[in-house]
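Structure first, then comments.
The values are calculated or read from the model by the stated rules, or taken from the named source; none is laboratory data. This one's a predicted model, so the numbers in the text were calculated from it and none came from an experiment. Every residue, glycine among them, receives a Cβ derived from its backbone with ideal geometry; neighbour counts consider all protein chains shown. To get the accessible areas, we keep the full protein, side chains included, count just its heavy atoms, and leave off ligands, DNA and RNA. Shrake-Rupley method; radii C 1.70, N 1.55, O 1.52, S 1.80 Å.
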Amino acid sequence: MSKPSRWLLGLLRVPPEPHLPAGAPGSARVFRAAPNYWRLKLLQWGLRQAFTLVGFIFILGFLQAVPDELVINDKGRSRHVPTGRAMTVVHGIEAFAIALWLAQLPLSLAIIRLDYQLRWYVVTDRAARLREGVLTLTEMTFTLLNVQDIRIRQGPLQRLLGLADVELRTAGGSEGSPTAGHGHATSRNLHLARFRGVDNAAMIRDLVLERMKRARDAGLGDPDDPAHTHPDAGASALERAAADLARESAALRLALSRST
């Protein structure tokens, strides 16, 4: 990473890499966005800047066509209204807008470059952690036991570049449900995680499926999640209460039998 990039990261207080999620030592697999994802982001950035430049050229051409005087017909009499002062103000605003556009070019390019470099997708034998973003940092962590659906999405342009997105949906999620994150109201679904812009989507999907199966077979999960410490994890509250009552009754009968 270049020195200007490190300086910008320090200014934005973005940590260079995430901490590993819970899991066995040595089980972490780290995935990154593919180089073609950077090329795709660069193409999108270039198209946005080109459209902005075309807009500036169109406005400048329109302003050049404005005459020095406007003839206004007022009750049968013609009045000549000079446009010089107004056009001077308009040209000043246009020049200021162009200067701002030129100034944002290197900054916006650096931000999309960092957005590509700082995408981390980490999978252990128990959990996964996904981090993306520069100006708005988003980090999602979830246990593999909570994953309910895995999909691979690939648009036409992604297919052309050999890219795809791997989507993992966890329990409680619904398509497009509005949620809030990091104190800001967003439309991000916190139950939907995406490995964006990867070129090994099938391998990631197979790895997650394999580790999900192993975690479920071994009963691994989040040690802080009560559902994984209760003997009747996964049951409803009523079922767990009934099971607890049955165990207490059995223990009481055993104690009574011993005392007699």
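Averaged over its residues, the stretch 83-137 has an accessible area of 48 Å² per residue, based on protein heavy atoms and a 1.4 Å probe. For A201, the shell of other residues with beta-carbons less than 12 Å away shows a net charge of +2, using +1 for Lys and Arg and -1 for Asp and Glu.
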